[in-house]
Every structure is written in structure tokens, then in C-alpha cells.
Amino acid sequence: MDYLYIEKGIKKVYISQIFAIIAALLIGCTELVTSVYKNIIKGSSEKDSWIMILSLAVGVVLLAAVITSNLIGMIGYYQASMYDPLFKKSMYCALTSCILTVVGELLQIPNGMLYTVFTASAMIVEMFVMVFAIAGLVNLSESQGWSDLSEKGDRLLKLLAVTYIISAVNALIIRIFELSAESKMISFIINVIDSCLIIIRYILYLRYLKGNILMLNNNVYS
């Protein structure tokens, strides 16, 4: 097996996840600042316009990060798919998730409910990006006798599935609570928890990708 080519693909996926973390941090910080401003500070209409401008500016950077992350990731998954078709499924899911995220962000201001539906859907599809990719990496590690890495992949699959389901439910709960002025704080707390979950799962995925890259390096240069 030519490990060099699949190693290049996994490295591209690794880089794409760094952009995904940047996007997640932008989303979390923007939503945190906006929520605190609207629900706690409650500024003037003039300040509201500045918050709107800031949100739009961050939104543009966010979309660029999301699109860049998915494009690099899709190239990486395509390269890896030559060794396992599961990676090609990851590529298709990454494309779908990107489209749903972009459409959702464009609808955020005119229609908050549609934004929630699209972003929650993108989150579920993104889950399958990681599920298929990790399953492919588990197959690779099993075929090469990397039992420790294979077991880590199995545990990671279960953990990621749980965190993605929690995030999707949280997105719906946040939208429901935002309809009630008395429940703003609950919505804020859930938002913070969800942002932490997003960062945690990206870091876990990065660590697993890094482990596979190291293992592939051993085969390429041994």
C-alpha cells in the first residue's frame, strides 16, 4: 500500500479541522458577546447597529473559514477514498454540511427559525463526516494491526455521536427559550455549554487524526 498518498489526504483533513476550530471560536465568541449585550447590557439602538455590523463582519470571516475548511477537507477525503470508500462518503457529507451552513448563515438575520433548522441539519451531517472518516481510519488501523489506534477510534465514534446529538438538541432548545424573555439566561448557559462541546469534539478529532498521521509516517519512512 502506498502510505504516502493517504498520509497527504489525512494531513489535509487535519488542516481543515484547524479552520473548523477557528470558525467554531468565531461563532462561540460572537454569540456570547451578542447574547450578553442583548440580554444583560441592553444597549441603545445606535449600539445595536454597531453590534449588527460586527456580526455581519464576523459572519463573512466565518463563512470564509467554513468554506475553506470544507474545501481542504473534501480534497483530503477524496485522496483517502482511494483506500476506503468510507472517505468518499465523508467528502459528500462535508459538501452537504458546507451548503447547509452557508444557507443557514445567510438566513440568520431574515429568519432565525430557518437559520436554526439549517445549522442543526448541518451539524447532524457534519457528524457523519467524522463518523465515516473515523470508521475508515479504524479499518485502516485494523488492517495494519494498530489495535490501540483502532480501539481509540471506536471509543471516539461513540463519544462524538453523543456530543453531536446534544448539540443538535441544544440548538432547538436555545431557539425555544429565546422566545421567552424570562428564559434568556437558560438559553445563554446552554449556548456556552454547546460552544464548549463543539471545541472539545474538534480537538478530539484532531488528536485522532494526528495519531493516524504518526502511524502512517512510520510506514512511509520505515
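One table, with the values for the structure above:
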read-out	value
Residue order for L214, L204 - accessible surface, 1.4 angstrom probe, largest first	L214, L204
Set K12/K210; K8/K152; K88/K210; K12/K88; K89/K152; K8/K210 screened for pairs whose C-alpha atoms are more than 18 Å apart	K8/K152; K88/K210; K89/K152
Pairwise label distance in nanometres, A57 with N217, each label 7 Å out on the Cα-Cβ vector	3.9
Calculated FRET value between D148 and I67, using beta carbons and R₀ = 35 Å, to 0.05	0.50
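The values are calculated or read from the model by the stated rules, or taken from the named source; none is laboratory data. A quick note: this is a predicted structure, and the numbers were derived from the prediction, not measured. Virtual Cβ from ideal backbone geometry, glycine too; neighbours counted across all protein chains shown. Just the protein is used for accessible areas: all its heavy atoms, side chains included, with ligands, DNA and RNA removed. Shrake-Rupley method; radii C 1.70, N 1.55, O 1.52, S 1.80 Å.
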